[in-house]
1. Check whether at least one residue in the stretch 74-93 is surrounded by 10 or more Cβ atoms within 10 Å (Cβ to Cβ) and at pLDDT below 55, and report yes or no.
2. Would you check which residues across the stretch 112-148 are surrounded by fewer than 14 Cβ atoms within 10 Å (Cβ to Cβ), outside any loop (DSSP other than H, G, I, E, B) and either among the acidic types (Asp, Glu) or touching a helix residue (DSSP H, G or I) at 6+ places or on another chain (Cβ under 7 Å) (or both) and list them?
3. State all residues of the stretch 149-165 that are part of a helix (DSSP H, G or I), touching a residue at least 12 places away in the same chain (Cβ under 8 Å) and over 11 Å from LYS124 (Cβ atoms); if no residue qualifies, say none.
Amino acid sequence: MASDYDATEFIDGDFLEHHSSQAASSVGSGNLLRAPTREEVDAKVAAAQQKLSELKRAQEQLERERAALEETRRRQIEFQTGRREMAQNLTRGLGLLREAEFSARRDAEEMSKAIGGLQDALTKIEAIHDETWTRDNFEVELTRALTSLENARMEWNSARLKFALLAAPAPEPGQSEAVVPQIDGIGTYSFGHLCKLGFALTWPLAAVALLALMAVLFLLIRH
């Protein structure tokens, strides 16, 4: 019968588990109430310092990203403004140049026509050889020549109205252009030069007046 005895039959497991839980709770409450050690404080300070360093690095990174974004925004604004400005300038420039090109092309065409008309008129006038006229064809050739001259005159007058450079009167044959001497203004001379110039202009009159005075005195002395 002694071999059938089991001591665990008289142990309450629920009681032991509850007692162990209360003991562990008492131990944990004792740890919370305990003052932190220096090593724990140093560790917390180091952790806080490391956290601050990480936050500072993160702030610096954000500052760099913000500066890069602001630079990107500035470049985008510069691009949009420059594109709009250049589009306006180029559009206006193309319009002005096309208008000027059209005007120049039209003037060139009119000038080409005028050159052709003047050249044709000159050819017809140079083709007139009055020395070959005879008594029989004199009236016919003269009428034909006068018609050619009238047509040439009309062509010339039309060209003069279209082109201002032809409006200047041409010098007559044998007449040379008058050369007008240019005289500098008086303000360009110094006072001494003006005095010399005045003396050079008045000394003949002064000499005549002096001779007349001497003649009068000579007559008075004789009388």
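The values are calculated or read from the model by the stated rules, or taken from the named source; none is laboratory data. These numbers come from a predicted model, not from an experiment. Cβ coordinates were reconstructed from backbone atoms using ideal geometry, including for glycine residues, and neighbour counts include every protein chain displayed.
1. No - not one qualifying residue is present in the stretch 74-93.
2. Selection gives ASP120, ILE125, GLU126, ASP130, GLU131, GLU139.
3. TRP156, SER158, ALA159, LYS162
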